[in-house]
Amino acid sequence: MIKNSEPKDVEKLTYEEAFAELMSLVEALESDEHPLDETMRLFERGQTLSRRCTVLLDNAELKVQQLNGENLVDVEIE
Amino acid sequence: MNKGMLANMYPTSYLKGTLSLSVTDLTRYLRQLMESDEILQDVWVQGEISNLTRPASGHIYFTLKDSGASLRCVMWRSNITRLKTALQDGMAVEAHGNINVYEAGGQYQLNTDSIRSKGEGVLYQEFIRLKNLLEAEGFFEVERKRSIPEFVKRIGIVTSPTGAALRDMINTLRRRNPMLMVTLAGSAVQGEGAPDGLVSAIQSLNRLVHPDLILLARGGGSIEDLWAFNDERVVRAIVASEAPIITGVGHETDFTLSDFAADLRAPTPTAAAEMATQVSINDIKVQIGEIYFQLVVAIREIQNQKRSEMRECRNRLQNCSPARRIQSSWQGLDTMTRRMITAQRHRLSLETIRLHGVVENLSSLNPLDVLKRGYAVVTRSPDNRLITQTEQVEVGDQLTVRVKNGSFPVQVSGQDQERK
């Protein structure tokens with residue numbers, strides 16, 4: 001999965017996407033089926049992914065919407 | 001029967017009017033009569049409070065009235081602490097307790113242990129009826145309840161859009177996990193339209209938003225205020241909900257039928273929001289840290305493995321190199337030389353020892369050396385023949401004895417018998 005698809009720009013990943021890729025990447029590294037230069041590449045991407053996750057966690061802001069009939073409207077509740 | 005009871009206490013002459021009872025006797029009799037009556041010892045009485053007084057003793061005295069009669073009531077201090085609402089004159093209530101007699105005042109009174117607002121009893125009856133009905137349908141079975149998901153992304157909230165409960169829940173969710181998406185489906189939470197509003201809010205959330213979880217909540221209030229959460233329609237909507245529901249209705253002590261039907265009951269709205277976020281953002285951060293650590297360990301292990309493979313290969317290569325072979329030839333030569341020298345040295349010292357031995361033997365053969373140790377050489381005087389055997393001498397023979405530093409003559413004076 002990691003090998004075959006062109007990796008997406010980390011900055012555009014949602015938290016879930018980044019987290020899922022990070023997990024599969026750790027598993028790939030632990031299975032040790034890859035050439036050395038590729039494991040280095042995987043490791044670097046893993047670093048970027050975990051940074052992305054941390055940034056998303058640090059900047060997260062609770063999103064609140066209200067159901068208005070059939071529509072969702074953003075609301076602010078302090 | 002009462003007559004029999006009285007007859008047991010007093011002689012019949014009192015009953016026939018020939019003798020009179022004292023007031024105390026009669027009052028005590030009335031007291032015993034009332035206190036032995038099962039109904040009067042465990043009774044709910046409804047009426048309106050009047051003449052409410054609270055003396056410094058802390059006890060409460062009041063009168064329960066209706067259009068036809070009045071009843072003196074007393075409530076002791078120890079029971080007052082259990083009252084949910086403060087009593088006031090004019091309040092319609094239901095009081096529970098037992099009837100006793102205050103002998104000094106000649107009054108019977110309700111010794112009150114609890115008071116609820118009027119209508120509460122009816123509501124409670126209805127509550128029990130509905131609870132039994134829904135219980136029979138299996139709505140409250142533990143097996144029916146869904147588990148609350150550990151990781152939640154979208155949470156639906158059903159409550160009043162203006163209530164404090166909403167603010168409490170939002171603040172708790174924001175603090176615990178700001179990654180959440182929250183959808184509010186507002187509804188009245190008390191009054192006539194409340195049950196329908198709650199039902200349609202639950203249904204709309206499930207149909208339009210598909211949340212992972214719904215919080216159904218309301219702040220504290222009287223039992224009437226919370227009544228919508230005992231409504232059969234609301235209970236059925238909870239059971240039918242696609243998303244699991246956590247209720248947080250009223251305070252710790254309030255239990256509604258919605259609470260029984262919910263997948264999880266929280267004591268308050270805030271607690272409901274906490275239960276909805278079992279995994280907080282801090283937990284997630286810790287998890288990310290752990291995964292990063294795993295990543296570092298994995299890459300380090302790969303590097304270590306490659307490094308040791310490489311080292312092993314290098315060793316094998318070095319073993320095959322000609323330099324190594326020459327080195328080993330040199331070493332062989334050195335070893336041989338060393339062995340040769342050692343052997344030679346060994347041989348030399350062996351020869352030296354042997355030589356010493358020979359010299360020593362030689363000196364032990366010198367006969368003069370023997371004389372040094374005290375031996376003597378005996379010869380016959382005329383012919384100098386060496387005497388080695390007794391047969392060689394006769395009594396009277398002249399012999400010469402030679403010792404270390406010279407010789408002297410001797411004569412044989414006798415012959416020993418012992419011969420060999």
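Nothing in this text is a laboratory measurement; each read-out follows from the coordinates by a stated rule. Not measured: the values here are computed from a predicted model. Virtual Cβ from ideal backbone geometry, glycine too; neighbours counted across all protein chains shown.
A Cβ-based charge dipole, computed about the Cα centre of chain B with Lys and Arg at +1 and Asp and Glu at -1, lands at about 3220 debye.
Our summary of shape: the Cα atoms of segment A:10-74 have principal axis extents of 56, 21, 16 Å, ordered from largest down, in whole angstrom.
Around the amide H of residue B:114, modelled in the peptide plane, lie the amide H atoms of B:96, all under 5 Å away and 5 or more residues distant in sequence or on another chain. Taking the 0 to 90 degree range and rounding to the nearest ten, how far is the long axis of helix B:164-176 tilted relative to the main principal axis of chain B, both from C-alpha atoms? Here the helix axis deviates by roughly 10 degrees. Peptide B:165-173 is shielded by partner chain Cβ atoms: per residue, an average of 2 of them sit within 10 Å of its Cβ. Take each residue in B:297-303, count the other chain C-beta atoms within 10 Å of its C-beta, and the mean is 6.
Each listed q (0.08, 0.09, 0.12 Å⁻¹) maps to a log10 I(q)/I(0) for the protein assembly as shown from the Debye sum over equal C-alpha point scatterers, namely -0.83, -0.90, -1.15.
Could you tell me which of the pairs A:63/B:145; A:12/B:306; B:131/B:153 are separated by over 30 angstrom between their Cα atoms in the structure shown? Where the Cα-Cα span goes over 30 Å, the pairs concerned are A:12/B:306; B:131/B:153.
With the gyration tensor restricted to C-alpha atoms of chain B, the semi-axes of the equivalent ellipsoid amount to 129, 50, 17 Å, longest first. Label zone of residue B:118 (point 7 Å out along Cα→Cβ, amide N under 20 Å): in segment B:56-92 this covers B:61-75, B:84-92. In this structure, the amide hydrogen of residue B:184, modeled 1.01 Å from its nitrogen in the peptide plane, lies closer than 5 angstrom to those of A:65, A:66, A:67, B:157, counting only residues at least 5 positions away or on a different chain.
Taking a sphere under 9 Å around the Cβ of residue A:10 and counting the other residues whose Cβ falls inside, with K and R at +1 and D and E at -1, yields a net charge of +2. Pick from B:246, B:155, B:39 the residue whose mean-square fluctuation is largest in a GNM of chain B, springs joining Cα atoms under 10 Å. The residue with the greatest mean-square fluctuation here is B:39. Here's the list of aspartates and glutamates a cross-link from residue B:84 could span, going by alpha-carbon distance under 19 Å and ignoring same-chain residues fewer than 8 apart: B:48, B:94, B:113, B:120, B:224, B:225, B:252, B:254. Translational diffusion of segment B:370-411, estimated by Stokes-Einstein from the Kirkwood radius over alpha carbon pairs at 4 °C in a medium of 1.567 mPa s, is 121 µm² per second.
Hey, what angle do you get for helix B:120-136 against the long axis of chain B, alpha-carbon based, 0 to 90 degrees rounded to 10? Roughly 50 degrees between the two axes. Normalising by residue count, segment B:9-140 has a Cα convex hull of 174 Å³ per residue. Counting only GluC sites (Glu not before Pro) that sit in a DSSP loop (anything but H, G, I, E, B) with at most 16 other Cβ atoms within 10 Å, what is the longest stretch of chain B containing none of them? Result for the longest clean stretch: B:253-393. Extension gain, residue B:390 to residue B:78, is 97.8 nm, computed as 0.36 nm per intervening residue step minus the present C-alpha separation. Simple spin-label estimate for residue B:346 and residue B:305 gives 5.3 nm between the two label positions (7 Å along the Cα-to-Cβ direction from each Cα).
Dividing the summed -39500 (n - 2.57) terms of all DSSP H runs of n ≥ 4 by the residue count of chain B sets its mean residue ellipticity at 222 nm at -14000 deg cm²/dmol. Rounded to the nearest angstrom and listed largest first, the equivalent-ellipsoid semi-axes of segment B:64-141 from its Cα gyration tensor are 33, 14, 13. Can you tell me the 0 to 90 degree angle between the C-alpha axis of helix B:322-365 and the longest principal axis of chain B, rounded to 10? So the helix axis and the longest Cα principal axis differ by about 50 degrees. Counting Cβ atoms of other protein chains within 10 Å of each Cβ in B:149-156 and taking the mean gives 1. Between B:253, B:390, B:81, the residue with the greatest mean-square fluctuation in the GNM of chain B (Cα pairs under 10 Å linked by springs) is B:390. Sequence-ordered 3J(HN,Hα) estimates for segment B:393-408 from the Karplus curve with 6.51, -1.76 and 1.60 and θ = phi - 60° stand at 10, 10, 4, x, 5, 8, 10, 10, 9, 9, 10, 3, 10, x, 9, 8 Hz, glycine and proline given as x.
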